[in-house]
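As structure tokens, the structure follows; a few thoughts come after it.
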Amino acid sequence: MTSPARRRAAARRKRVFAFRDTTDPRGFVVLMKAHLEHLKVRGYSPRTVLSAEWSISDFVVWCQERDVMKPRDVTKPMLERYQRMLFYTEKPDGSPLTLSTQHHRLSFIKQYFKWLARENHLLSNPASELELPKVEKRLPKHVLTATEAEAILAQPDIRKPQGLRDRAILETFYSTGIRRTELSGLKIHDVDTERGTITVRQGKGRRDRVVPVGERAGAWIAKYIREARPDFVIEPDRGFIFLAGEGEPIAPKTLSLYVSRYVKASGVAKTGSCHLFRHAMATLMLENGADVRMIQAILGHVKLTTTEIYTHVAITKLKEIHTATHPAARLGKP
């Protein structure tokens, strides 16, 4: 038995693009399309534009259900009601939307109304004072130890092309900490084993960056490219490194599926997939003395505060310092 909130959310998902009144030049839909085009011209990534479209469309359908057909008829109380609705909305599994998701959706809606006001489609911006949910900075749920990471890396059967490919994938995740979408988009010319670097092109926020890759990971990548990748290539070869059976780059969701299977097979009592290695790389490097700003550069974080989350996880080094410096740390037991 589904709750009313979940049924309403499901209905909105099904109707999200079933708009009413799609031709009015002052209506929601025409102006939304103009705003999305503005985002594309500004250089926002296709993924960000799609997220904006989904978030704004959901709000538009919600308004049209209440016979509000134009942005000019939206008021601040209406926006606050929509925000409350998001707060009580459940996901298909019955759990509430995270504050991060709520913040994300409302940010796109605020951006839309800001653009409407700036382009003189509205006399005033009803969303200007809308307070977004405060997003909590959560620590990673699970962080691998070096021993656990090695146990997972050992799972692929490297006697087979797929196993050799997967070992190279796991080694790349562990060595570089790159995101799954970034790994999926890697091409052969992005890897420089002589210099020990990988160039991540159009990463999150459409920013390129160069990250170090360890000798071991580089060797596994080279071995895969030399011995196994030819088995996956279907001409014309577009140069992506990690290929699926049909010769296309492995999709990010498929990467997560593969990695999670190896995590489970390893017997490590932690759950997760690709991001487990990102967390492990950052935490273990910090514990071994790496500067947090260097970790920031490798991970591609815009804000240092995002990287600083890992300083709270890297407890081993803190315990060593505490034991060495605190006057009461080494007193005998009572």
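The values are calculated or read from the model by the stated rules, or taken from the named source; none is laboratory data. Keep in mind that this is a model prediction, so the values were computed, not measured. Ideal geometry is used to build each Cβ from the backbone, glycine not excepted, and the neighbour counts take in all protein chains shown.
Figures for the structure shown
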item	result
Which numbered condition Val60 misses (of (1) over 16 Å from Pro25 (Cα atoms); (2) within 26 Å of the chain's Cα centre (by Cα))	(1)
Filter pass, Asp157 being free of Cβ contacts under 8 Å to residues at least 60 places away in the same chain, charged (D, E, K, R), more than 30 Å from Asp73 (Cβ to Cβ) and in the same structural domain as Leu39 (by TED's automatic domain parsing)	no
Segments classed as helices (runs of 4 or more DSSP H), wholly inside segment 1-65, with at least 1 members that are modelled with pLDDT under 80	4-15
Qualifying residue in segment 94-108 (condition: assigned to a helix (DSSP H, G or I), more than 22 Å from Thr48 (Cα to Cα) and in contact with a helix residue (DSSP H, G or I) (Cβ under 6 Å, 6 or more places away or on another chain))	no
Yes/no for Ala290 being touching a helix residue (DSSP H, G or I) at 6+ places or on another chain (Cβ under 9 Å), surrounded by 13 or more Cβ atoms within 10 Å (Cβ to Cβ) and over 23 Å from Arg195 (Cα atoms)	no
